[in-house]
Every structure is written in structure tokens, then in C-alpha cells.
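These notes are about the structure you will find just below.
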Amino acid sequence: MENSSGARKKLAEQVDVLQAATRVLAGIALRSIDVLDGAVTLPQFRLLAVLAERAPSRSSDAARALGLDASSVTRLADRLVAAGYVARGSEPGNRSVVTLELTPDGQKLVSQVEDWRQAELTRIMGKLTARDRGRMTTMLRQLMEAAGEGYGVAFDPAVPL
């Protein structure tokens, strides 16, 4: 049986590997934006990604999903509307509620990034054996379950314990 000091050291090593893997995945996400040749900034792309998942979306809901204040989302949306990637609207019956939705050009940007990420992850996974891919997929599913539904998808100001 492992002593508590040994268990803490092993856990610390495991967390270090997970942090390194997080850097790899974050690097893939960041590099995927490069495929757009500067069409949008990372914060703008984050708004596009939220709208791709939940459009049309109230501006206030998009702000909450991104963990931003409404005025920041308004500024991001202004630039994306001007570029033709987002359309503004209002809710039927309540014109004071601003909604945001991707235009076909906005959807094309999101698709380009998703396609690049898919290709890059496929390339990287292709370097692993089928058995290792299966084991990793199982472990990543368990990690996502341990994190909880929606973790990393929607902003949650929860602080790690």
C-alpha cells in the first residue's frame, strides 16, 4: 500500500502530465484560429463559437456563456456584424431584447476552424495504436464526467477547491 506522501507525489506527477496535455489541446485550439488569416480575433471567435452552439442567442445569454459583461459582447458583436459574420435581431414580441445569430459567412469561419481542428486531432491520434486511442478515449470520457456536464463549454465562475 502506498504511503500518503507517495500517493501525493504520484498524484502531482499525474496532474503535471494532464497540464501538459492541456497545453497541447489549448495549442491546437489557438493554432486553429490561424487558419482564418486574421479575419477575427480569439475573443471574436469565442463569440462565434457560442453562437454556433446556441443561435439565435440573446446578447445577454452569450455574455453569460463567455463570462463577459454585456457591453463587451456588444463591442465584439458590433465588429462581427460590420464584418458580415453575425446578424443582429430581436425577439418576437420583445424588440428590446437583442439577439445574435451567425450569418452564412460566420458559419463558414466556424466550420473552417472545426475542420482544421478535426484534421489536426486526426493526424495526432493517427500516431497512436488503436488500443492506445481506445484507452485514451475512455479515460478522456471519464475526465469529462468527473469535471461535470458543461465544464469548459459555458462559463462557470466556480473556483477549484
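The values are calculated or read from the model by the stated rules, or taken from the named source; none is laboratory data. Keep in mind that what you see is a predicted model, and the values were worked out from it rather than measured. Backbone-built Cβ (ideal geometry, glycine too); neighbour counts: all protein chains shown.
Counting only residues that are of a type outside the set (Phe, Trp, Tyr), in a helix (DSSP H, G or I) and under 21 Å from Ala62 (Cα atoms), the range 1-48 holds 9 of them. When the residues of the range 68-110 are narrowed to those that are modelled with pLDDT under 90 and touching an Asp or Glu at 6+ places or on another chain (Cβ under 9 Å), which ends up nearest to Val40 (Cα to Cα)? So the residue we want is Val98. Is there a residue being among the small types (Gly, Ala, Ser), exposed (fewer than 15 other Cβ atoms within 10 Å of the Cβ) and under 18 Å from the mean Cα position of the chain (by Cα) anywhere in the range 48-70? Yes, there is a match, as at least one residue in the range 48-70 is among the small types (Gly, Ala, Ser), exposed (fewer than 15 other Cβ atoms within 10 Å of the Cβ) and under 18 Å from the mean Cα position of the chain (by Cα).
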